[in-house]
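Read-outs throughout are calculated quantities, based only on the coordinates presented, and are distinct from any laboratory measurement. Note that the structure is predicted; figures quoted are calculated from it, not measured. Neighbour counts run over all protein chains shown; Cβ positions are idealised from the backbone, glycine included.
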Amino acid sequence: EKGGFDHFMLKEIFEQPEAFKKTLTGRIQNDKVKFSEFEFTKEQVQNWKKIFIVACGTAYHSGLVGKPLLEEFLRIPVEVDIASEFRYRDPLVDEETLAIFISQSGETADTLAALREAKSRGAVTLAITNVVGSSISREAHHTLYLWAGPEIAVASTKAYTTMLIAQYLLCIYLAQVKGTMPQGKAEEILSALQLLPKKCQEILANKDAFLEAARNIKDAQNLFFIGRSYDYHIALEGSLKLKEISYIHAEAYAAGELKHGTLALITEETPVIAIALQQKTYDKTLSNVKEVKARDAFVIGLAMEGDTEILKTVDKVLYIPKIDDIVSPVLAIVPLQLLAYYAACERGCNVDQPRNLAKSVTVE
Ligand code: M6R
């Protein structure tokens, strides 16, 4: 059942290349994206003035990556909301809203309640889920399946990365239908997506580097993850993973925000994981790394293969293979999943069944 792995979490991390293929299979034809599950007309897509992405935990973090993508290619505002917040305010949802609900299990109580709320306000609802026939898939107007295979470990891994891939595909599909996808851009993203299984495999083959990095941080009481734009979204997910299974207190910060208060907490005892993959903000992120280095933090950089510049500033670097910046989040999280996994093992934690947590949160 664990297929020779010590834990389901490790097995599921290693299943990612296969899971990526399954999420992509049959959905790309001649640089066009299509789903067998649903179809929208140009009029329908044009009618949406706003998009909501609503989810909890890791699924919410995946939605943070979806927002800038959809805004860039559909040119309409997108809000990402935590389901337990969305449902208790008075969200501006109407018939001209597309509301997307992301849930691995399809059973999360708050996400389901948020879906019902949006539906009652007239929104078109679309579920992104891994579980066929789940409550959320049954109640949403449309469902996009992840096809990632069963995820048993409480800590979500392959569901997260396939949620990202599903959102790249959805975004390209909607922008193609609407006619707002810039010339050449779909081809570029789709070919990058197709490289992901192989590139993920390369990261997994290098797993000892992450075990070694885990040994560097395993005794920390507090730790920070920093990054900008997509790298910040990855910081949030990396930090949740580490907290959830290793019980090390971690916080994720938008790198530029650190100096507005939190920098006061940085000392030689707070390791910092600095994610520096986005070329657009690379120099700015590196200046933030210098700020934490000046406070004597031990810094582990996460960078793109071939980046030697970063070596001048950090104590240690973990690399991911070169890939288009826009899809880099899918690869960037893999080293952080492994880092959290090995840190938890080193600390003797129960990786698959962390304390106080359940796989599916069916209470509100
Ligand atoms: O099944 P869902 O995707 O709706 O679950 C949402 C969260 O409970 C879940 O992602 C949780 O944050 C994970 N345990 C994180 O690893």
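In table form, for the structure just shown:
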item: Relative frequency of Cα-Cα separations exceeding 36 Å in the chain, percent; result: 19
item: C-alpha long axis of helix 230-246 to longest principal axis of the chain, angle in °; result: 70
item: Cα-based helix-to-principal-axis angle, 57-74 vs the chain, degrees rounded to 10; result: 60
item: In degrees, nearest ten, helix 109-120 long axis to first principal axis of the chain (Cα); result: 30
item: Stretch gain in nm, segment ARG121-ASP208, where the contour uses 0.36 nm per residue and the Cα spacing is subtracted; result: 26.3 nm
item: Hz values of 3J(HN,Hα) by residue in region 337-348 - Karplus curve (6.51, -1.76, 1.60), Gly and Pro given as x; result: 4, 5, 4, 5, 4, 5, 4, 5, 4, 4, 8, x
item: Under 5 Å, built H, 5+ apart or other chain: amide partners of LYS322; result: GLU305
item: Sparse-neighbourhood loop sites, GluC sites (Glu not before Pro) in region 214-277 - DSSP loop, at most 15 other Cβ within 10 angstrom; result: GLU268, GLU269
item: Full-stretch length increase - GLN194, PHE5 - with 0.36 nm per residue and alpha-carbon distance subtracted; result: 65.4 nm
item: Cα pair count fraction exceeding 23 Å, expressed as % - region 68-205; result: 40
item: Low-density loop positions, trypsin sites (Lys or Arg not before Pro), region 30-125 - DSSP coil, at most 10 other Cβ in 10 Å; result: ARG75, ARG89
item: Length added when fully stretched, ASN216-GLN46, from 0.36 nm per residue minus Cα-Cα; result: 56.1 nm
item: Cleavage-rule hits, GluC sites (Glu not before Pro), region 45-118, DSSP coil, Cβ neighbours within 10 Å at most 12; result: GLU95
item: The chain: antiparallel DSSP beta bridges as a percent of all, rounded to 5; result: 5
item: Around LEU302: net Lys/Arg minus Asp/Glu count, Cβ-Cβ under 12 Å; result: -2
item: Amide proton proximity set for ILE128, modelled H, under 5 Å, gap of 5+; result: PHE101, ILE102, SER103, LEU144
item: Amide H within-cut-off set for PHE225, under 5 Å, with H built and near neighbours excluded; result: GLU251, ALA252, TYR253, ILE273
item: Rg/Rh (Cα only; Kirkwood hydrodynamic radius) as it applies to region 149-308; result: 1.00
